[in-house]
Each structure stands twice: as structure tokens, then as C-alpha cells.
Amino acid sequence: MTWTEPATWYANLASFYAAAAAFITDPDGNVLLVKPTYRDHWAFPGGYVDEGEYPHEACAREVREELGLTAEVGNLLVLDWAPPAGQRPHALVSFTFDCGAIANLDGVQLLGQELEDIAFFSAEVAAHLLPGNVAPRIRSALNARHQNRPAYLAGGATASSLRLDATACPSAALTQKPETR
């Protein structure tokens, strides 16, 4: 094996972005979503991880900045790896943390100018309000919370619906399994 200078080694590694989201429900299991002013769809409370920040810290910061709440960030529920898309040149790793349940929206304040609404929705309705690649995180988060075991998604798909296909891509890219009849 040939020695490579650390600066060269690290410069050649893949890079990606990281985001953190809060999974918050009410006592009936309805899911809390926020409506950003700059998007056509709803989202989980959360945002990008800042440099030098741990994902769970980013989750707490985003909930505080967006909703004026102090979130007790619990277990990681979902880790979702999304490939580069549109104007985003790198992959995005999304961490969804369990931030518990709140009884109602009393005391919640939409701080700043980035959110126009906040509401609880049934899991089914929430899934329709989120982008298609994000919607599977709802069912995965609910299952992970119930099983006390995090879920891994790749581009919104569960690991059970993925397979490694070394023939299609030398780097063993993840691909959708063909449908069986």
C-alpha cells in the first residue's frame, strides 16, 4: 500500500451535507410539521447541521430557533441518505431524532420569517404534505420509536427494498429491487 499524505487523502474522500430534524407528536400520535415560507411543501422542524455542531445539537437549535421551544432530543429514529439532487451537488444525510410528544401548540411561537404555519397531522395526512422522498420517514420514525431501534433509509427507501447491484455499478450502488409477481 502506498502512503498518502493526510491532506490529499481527506481531499479525495466523498463529501456530503447533514441535516437534523425533530420528530414530535401529540399524545394521540399526530405528527408535528412546519410550513416554511420558502417551500411549497411542509417539513419536519429542523435544518442543516452547522460546521462543528453535532446533529443532535443542530436538532435542538433548530427547534429553539423555529418554534421557541427547548427540545429534549432523544434517540435517533431515522437516518436517511439522499443522493445529490437538483442544485445540491453532494449527498445529504438526514438525522431524525425523537423529541417526544407535546399536548398542544400553546407556547409555540413561529420565530423569524422562515415559517408560516405549524400543525399536527395524522401520519397519513402528514405523508401527503411532505415530499415523496421524505414521507417514508414518518412510518419509519413511528416504527423506530415503537421498536426502540433506529431505521436506515436510502433516498427515502427502506433497506429491505434495496439491494446491492455490483453488476450495474462497480461501486455497488444501491438500486431498487425489481418487483416480484
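In the chain, helical runs assigned H by DSSP with n ≥ 4 each contribute -39500 (n - 2.57); averaged across all residues and rounded to the nearest 500, the mean residue ellipticity at 222 nm is -6000 deg cm²/dmol. Relative to the longest principal axis of the Cα atoms of the chain, the long axis of helix 136-147 makes an angle of roughly 80 degrees. Coupling constants for segment 18-33 follow from the phi torsions by the Karplus curve (6.51 cos²θ - 1.76 cosθ + 1.60, θ = phi - 60°), and in residue order they are 10, 9, 10, 10, 9, 9, 10, 10, 9, x, 8, x, 6, 9, 7, 10 Hz; glycine and proline get x. Among 38, 17, 48, the sequence by solvent-accessible area, most first, with a 1.4 Å probe is 38, 48, 17.
When 88, 139 are compared by accessible area of protein heavy atoms, the largest-first order is 139, 88, using a 1.4 Å probe. In the chain, a dipole from Cβ-located charges (positive for Lys and Arg, negative for Asp and Glu) runs towards its positive end, and of 17, 85, 95 it is 85 whose Cα lies farthest in that direction. Split the accessible area of the chain by element, probe 1.4 Å, and carbon with sulfur accounts for 53%. Here residue 4 and residue 53 are evaluated by their C-beta separation; at R0 = 35 Å the FRET efficiency comes out at 0.75.
As a calculated quantity, the FRET efficiency between residue 14 and residue 39 at R0 = 22 Å, using C-beta atoms, amounts to about 0.25.
Between rounded, prolate and oblate, where does segment 73-114 land on the alpha carbon gyration tensor, with a ≥ b ≥ c its root eigenvalues, rounded for a/c under 1.5, else prolate if a/b exceeds b/c? Oblate, because a/c is 1.5 or more while a/b does not exceed b/c. Here residue 54 sits with roughly 140 square angstrom of accessible surface, probe radius 1.4 Å.
The modelled label-to-label distance between residue 104 and residue 152, using points 7 Å beyond Cα along the C-beta direction, is 4.3 nm. Amide H contacts under 5 Å for residue 77: 96, 97, 98, restricted to partners 5 or more places along the chain or on a different chain, H placed in the peptide plane at 1.01 Å from N.
What you get for the chain, charging only the Cβ of Lys and Arg (+1) and of Asp and Glu (-1), is a dipole of about 800 debye around the Cα centre.
When all protein chains stay in place and ligands, DNA and RNA are ignored, the 1.4 Å accessible-area order of 122, 15, 140, largest first, is 15, 122, 140. Which entry in (i) 11.3; (ii) 26.1; (iii) 13.9 matches mean projected area of the Cα convex hull in nm² derived from the coordinates of this structure? Here the calculated entry is (iii). Remark: spin-label model distance residue 128-residue 72 equals 3.4 nm, labels positioned 7 Å along the Cα→Cβ axis. In this structure residue 67 has an accessible area near 0 Å², from a 1.4 Å probe over the protein heavy atoms.
Against the main long axis of the alpha-carbon atoms of the chain, helix 55-67 sits at an angle near 30°.
The values are calculated or read from the model by the stated rules, or taken from the named source; none is laboratory data. Since we're looking at a predicted model, the values are computed, not measured. Note: ideal-geometry Cβ built from the backbone for every residue, glycine included; neighbour counts use all protein chains shown. Calculation scope for accessible area: heavy atoms of the full protein, side chains included, ligands and nucleic acids excluded. Shrake-Rupley method; radii C 1.70, N 1.55, O 1.52, S 1.80 Å.
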